[in-house]
Amino acid sequence: MSTTSSSERTKLGYGLPEEEGEDFWLFGALTTIKISAEDTAGQYCVIDVEVPPGVGSPWHVHRDEDEWFFVHEGECEVYIGDAHLTLTAGGFAFGPKGVPHTFFGGPNGGKMLVWAEGGKFEGLLREIAEPAPEHVVPPPPDSPPDMELLLPIAEKWAYGILGPPGPPPGR
């Protein structure tokens, strides 16, 4: 077991095996913080996301943060503005701040790394997600997210929730 603190390891550099990091369950996906905004003095965070088929984020917009997506296993559907991208392993997408976007798992699900500039994405995740008891995908959600509860929390973190998880409304 390492006795190196999070801030020390960030200064020295570090690596994590696939299943290590801080795990959360969010909208039916397993999200694992690989490097936190605290570790990077608020510059960015990197989160590994495992999404089952059809599971993903609500249609949303970040007011203050850009976001990057890199699929490393399976397939993910990504919508950024009017663009619809089907990304397989090695595929990349960029979601600039102010442009609505969403993603969800393809026919067999997918895994991707998500980078977010700043710490607001991570702050939102920590406030609305459930700490995962183990590194496994959660059971499927029983119902859609409670938008009445979610909207003001998202607003606090400079996010606008524009629709439920899945493709953008009307597509």
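Any read-out appearing in this document is the output of simple, stated calculations on the displayed coordinates, not a laboratory observation. Note that this is a predicted model, so its numbers are computed, not measured. Glycine gets a Cβ as well: all are built from the backbone with ideal geometry, and neighbour counts include every protein chain shown.
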(message) Below 8 Å between Cα atoms, with a sequence gap of 6+, how large is the relative contact order for the chain in percent?
(response) 29 percent
(request) Identify all lysines with a Cα-Cα distance to LYS97 below 18 Å; exclude those on the same chain that are fewer than 8 residues away in sequence. (result) LYS120, LYS156
(request) Any chance you could get the radius of gyration and Dmax over the Cα atoms of region 1-85, in Å? (result) 14.9, 48
(message) With bins 10 Å wide starting at 0, give me the P(r) of the chain over every alpha carbon pair, in whole percents.
(response) 10, 40, 38, 10, 1, 0
(request) Give me VAL55, VAL114 ranked fewest to most by other Cβ atoms within 10 Å of their Cβ, as a rough exposure proxy. (result) VAL114, VAL55
(message) Skipping prolines and chain starts, which residues have an amide H placed within reach, meaning under 5 Å, of the one on GLY91, given they are 5 or more residues away or on another chain?
(response) VAL71
(request) Starting from the Cα-Cα distance between LYS97 and LYS156, subtract it from 0.36 nm times their residue separation and give me the gain in nm to one decimal. (result) 19.6 nm
(message) Between region 66-132 and region 147-171, how far is it from one alpha carbon centroid to the other, in angstrom?
(response) 15 Å
(request) Calculate, axis by axis, the spread of Cα positions in region 54-135 along the three principal axes, and write the results as whole Å, longest axis first. (result) 35, 29, 19
(message) Report, to one decimal in Å, the Kirkwood hydrodynamic radius for region 23-62 based on all distinct Cα pairs.
(response) 11.3 Å
(request) Give a quick list of trypsin sites (Lys or Arg not before Pro) in region 87-120 that DSSP marks as loop, anything other than H, G, I, E or B, with at most 16 other Cβ atoms within 10 Å. (result) LYS97
(message) Using helices alone, I'd like the mean residue ellipticity at 222 nm for the chain: each DSSP H run of four-plus residues gives -39500 (n - 2.57), total over residue count, nearest 500.
(response) -4000 deg cm²/dmol
(request) Figure the gain on full extension for ARG63 and THR40 (residue separation times 0.36 nm, minus the Cα-Cα span) and round it to one decimal in nm. (result) 6.2 nm
(request) Quick one: order THR102, THR86 by neighbouring beta-carbon count within 10 Å, fewest to most. (result) THR86, THR102
(message) Taking loop as defined by DSSP and a crowding limit of 12 other beta carbons within 10 Å, which GluC sites (Glu not before Pro) in region 122-155 fit?
(response) GLU134
